[in-house]
Each structure stands twice: as structure tokens, then as C-alpha cells.
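Each reported figure results from applying straightforward, stated rules to the coordinates on display, with no laboratory input. None of the values given here were measured: they were computed from a predicted structure. Reconstructed Cβ throughout: ideal geometry from the backbone, glycine too, with neighbour counts over all protein chains shown.
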Amino acid sequence: MIRRTASMSNENNRPFFVYATLLSTIGLLASDMYLPALASIRGYFGSDAAKVGLSLSLYMAGFSFAQLFYGALSDQVGRKPPLLVGLSLFLGGTLGCVVATDIRWFLVFRSIQAVGVGAAYVLWQPMVFDLFEGEEVQKLFARLMAVGSLSPALAPPLGGYLTKSFGWHSIFWLLVVLTVVLIGWTSLGYRESLAPAARQPFSTAKVLRQYASFLASRFFMGYALAIGCGIGAYFVFLTMLPFVLSNLGYAPDVIGLMYLPIVASFVVGTEICRRRGVGDETSCRIGAAFGLTGATILWMISLLGKVTSPWQVVPPFMLVTFGNGFLVPTGSTYLIRSHADRSGACASAVGFLIALMAFASTFLASLVVDALGVHAMTGTVFLFAVVMNVSLSWGRSAARSSAAAMG
């Protein structure tokens, strides 16, 4: 397959951009679009908030572990076969969510969804490195993440509208349609992007050595954990906000609208970061600082008085997502570019840690939400913002030490 470069016209890149956008957002749609419907799902199954909240935690857990398989395998056999397998699993899990008759089966099928969609989420990233070169890689990466960030803005309002108009099952029927489109596009419209010469013989031992090297790298772990904590804080807020607002009497469609300013702040952060060009390390440091500032304000507001309006918690959290706009796209590209010879495995490892942190944050908050209420959300956001800054400092010190040793 011809390798595209920065000199190729943007018009030739548009089909891939649309395809990669669908791949990068289908998993986010599955996690975000049903958030305004959580209270409706709880009522449908006669369950409690903790079990329904667990549907997102289990989704993120399966999502994280599955990525370790898809990325490393794609470095050996190509991107297309594991992508088709993952999309097929996601389709089966989505259909299962539609027909589930109790909360236990719903949780099982959400887990199957997660295992399948990990392929779509992780494999678009090495595809970019397969097909593009130079500055075009970073530009396309930033644009895809910026477009992907619109998913949490558009998905909750859409999910709220679908739930109010047609019931929560309609959300999963829409996911079925999108998945069928992606399977068809992958089968007929996508040519394998990993050149045969770049593929590696299958070796479980080699894959394990690769992941062991990532685990042993302070630079990799520091940056990847910082990115994961930023996403973890984001997901716990998104998961808990519907319960907080529904207890205040807000309808699902109104709850969905509350996500618009949150994600808009991420897009603004991403665009400012991209246009200013302040460098990878500086961008990540700025992002982590904004995240800690917003999380501290959010936590203090909940401690000082009762939360009675979304406008007490949404504006300070916008600072967190603004910071994520600096940290997440830049940090992810920085890590994968630093390990270009194993981009699939690196993307998988980063994705795994991101999803693991999202699972940990939502699981922790779900455990204590009945006892702590809104403090479960604000306290967890603050905790993960603190860990984010510590991890980033750890990774940056390792990078400086390595540069000094080489110099």
C-alpha cells in the first residue's frame, strides 16, 4: 500500500480521516451516549445506582485489558484481521444489551462490548503512523483526538433525546447500525496499512518482553499514568454527574446538555496547545497544572456547602478538561512517536493504562457514592488530579536523567 506523507493533498486524506474518526469514537459513544439514561436503566432493571454504575466500570476494565491483545497482535499480523474480530465482538455485545432481561446479563454483554471495541479504539493510532510521516502525524493525531472529544459533548445530549423519545434501548440500536457500517468499511474499503516487511513473526515471548520494557520505563509509566489519571478524573465526573443531577430533579435530556461546556473546554485546550506549539513536555505540564487547579476548586466547593445546581460543579471541572486538552493528545503522540518501531504495542499499553485508570476511578466512586453522595465524585476527581501531577513529575525527571546521561 502506498504510504501517504505530509505532501499528499488533504482531499486524499479525508476518507481515512472519516474512517479513523468512526473507529476512535465508537467506543466513546458506547460509554458516553447512555450516561443520561443510567437512571432509566436502573428503573428498567429494578437495580441500584452502584450496580448500574458498575456497567461503566466493567466496560472500562474489559476495554483496557483487550487493548493489550489487539495492538501487539496487529504489529505481527497487520491491523485488519484483529480489527474485524473486535468489531464483530462489539456487535454481538451490543445486540446482547438490547435483549438483556436483568442487570446481570446487561453487565455481561457490556463486558463483551468492551472486549470487542478495544480493537477500534487502539488500532486507528498505529494506522496513522503506518500511513503518514513527519508533522502530518502529529497534526492528524491532534485533530482526531479533538474530533473524538466531541463525542462526549454530542453523545450525552443525543442519548438523552433518544431515551426521552424512544427509550434507552434505542441508544444500543444506533450503536448496532454504526458497527455494521464499520465492519463493512473495514472489509471492503480499508486496505491493510502495515506493510508486509514491517510485520514481525508471532512471538508471545516478544510481546511480553515489550510490555515488560514499558513497565520498567519510568519515562513511559510516568507520562502514561498521568494521561490515564486525567481521563480517569474525566470519566468519574461523567459517570457520577447524572446521579447527582437526577437527585436534584433534572431530566435526562437536560443532564445531557451539561456535557457540552465540559467537552468544549477540552476542544479549546487542544486547539490552543496545537496552535501555540509550546513543546511536548511543557504542554503536558500546563495541562496537569490546570487539572489540579480545577479539581481543587471542585472539591472545596462540595466541602463548603451543599451542591444545589450543576453550575456549582461544571465550571471548575471545565478547568480539568481544558488541561486534558493540553495533556492527553500531546502526551499520547509523544509516547507513541518515541516507540515508533512498536507503535501498535505502545498504543495498546497507553490505552490499557488510560482505561485502567478510568475503571479505577469509576469503581472507587461507585463503591462510596451511596455513603458520600456528591463527595464521591469530587473527592475522586481531586485524588486522581494529585496522582496525575506526581506521575508526570516522575516521568519528566526520568526523561531529564536519560537526556543528561546521553549528553
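May I ask you to sort Leu182, Leu174, Leu241, Leu123 by Cβ crowding, counting other Cβ atoms within 10 Å and putting the fewest first?
Leu174, Leu182, Leu241, Leu123
Ordered by residue, what ³J(HN,Hα) values in Hz, to whole numbers, does segment 337-343 give under the Karplus form 6.51 cos²θ - 1.76 cosθ + 1.60, where θ = phi - 60° and Gly and Pro are x?
5, 6, 10, 5, 6, 9, 4
Which of the lysines could be linked to Lys164 by a straight reach, that is with a Cα gap under 30 Å, when you skip same-chain ones fewer than 8 residues away?
Partners within reach: Lys51, Lys306.
For segment 39-53, what does the Karplus curve 6.51 cos²θ - 1.76 cosθ + 1.60, with θ = phi - 60°, yield as ³J(HN,Hα) per residue in whole Hz, taken in order and with x for Gly and Pro?
3J(HN,Hα) across segment 39-53, in whole Hz: 5, 5, 5, 4, x, 4, 8, x, 9, 10, 4, 5, 5, 5, x.
Quick one: check the C-alpha center-to-center distance for segment 181-197 versus segment 83-129, whole angstrom.
A separation of 19 Å, based on Cα centres.
Using percent of Cα pairs over 34 Å apart as the read-out, say which of (i) 25; (ii) 50; (iii) 45 was calculated from these coordinates.
(i)
Considering the options Pro329, Phe129, Ala264, tell which one lies farthest towards the positive end of the dipole of the chain, charges being +1 on Lys and Arg and -1 on Asp and Glu at the Cβ, about the Cα centre.
Looking along the dipole axis, the top candidate is Phe129.
At Arg400 and Thr308, where each label point lies 7 Å from the Cα along Cα→Cβ, what is the point-to-point distance in nanometres?
Output for this residue pair reads 4.8 nm.
Give me D for segment 99-205 in µm² s⁻¹, whole number, from Stokes-Einstein with Rh from the Kirkwood sum over alpha-carbon pairs, 37 °C and 0.692 mPa s.
Rounded to a whole number, D works out at 192 µm²/s.
What order do you get for 194-203, 365-374 when each peptide is scored by the mean count of other beta carbon atoms within 10 Å, highest first?
Taking the mean over residues of other Cβ atoms within 10 Å, the ranking is 365-374, 194-203.
Could you list Cys273, Cys346 so that the one with the fewest beta carbons within 10 Å of its beta carbon is first and the one with the most is last?
Ascending Cβ contact count within 10 Å gives the list Cys273, Cys346.
Which of Val328, Val268, Val236 moves most in a GNM of the chain, Cα contacts under 10 Å?
It is Val268.
Give me the lysines in straight-line cross-link reach of Lys139: C-alpha distance below 17 Å, same-chain residues under 8 apart excluded.
Straight-distance partners of Lys139: none at all.
Given points 7 Å out from each Cα along the Cα-Cβ axis, report the Ala371 to Ser393 separation in nanometres with one decimal.
Here the answer is 2.9 nm between the modelled labels.
³J(HN,Hα) across segment 16-22 via Karplus (A = 6.51, B = -1.76, C = 1.60, θ = phi - 60°), whole Hz, x for Gly/Pro?
5, 4, 5, 4, 5, 4, 4
Determine by what factor the alpha-carbon radius of gyration of segment 242-315 differs from 2.2 N^0.38 Å, reporting the quotient.
The value comes to 1.36.
Can you tell me how much longer the chain between Glu192 and Glu271 gets when fully stretched, taken as 0.36 nm per residue apart minus their C-alpha distance, in nm with one decimal?
That works out to 25.3 nm of additional length.
Over the chain, with a Gaussian network built from C-alpha contacts below 10 Å, which listed residue (Ser393, Ser343, Ser151) shows the highest mean-square fluctuation?
For the chain, modelled as a Gaussian network with Cα springs under 10 Å, the answer is Ser393.
Count charges around Glu192 for me, please; just the other residues with Cβ under 12 Å from its Cβ, Lys/Arg as +1, Asp/Glu as -1.
Residues close to Glu192 contribute a combined charge of +3.
What net charge is computed for the residues neighbouring Leu158, neighbours being all others with C-beta under 13 Å from the C-beta of Leu158, Lys and Arg scored +1, Asp and Glu -1?
Neighbour charge sum, excluding Leu158 itself: -1.
When the Cα centres of segment 218-252 and segment 286-311 are compared, how far apart do they sit, in Å?
If you average the Cα positions of each part, the centres end up 13 Å apart.
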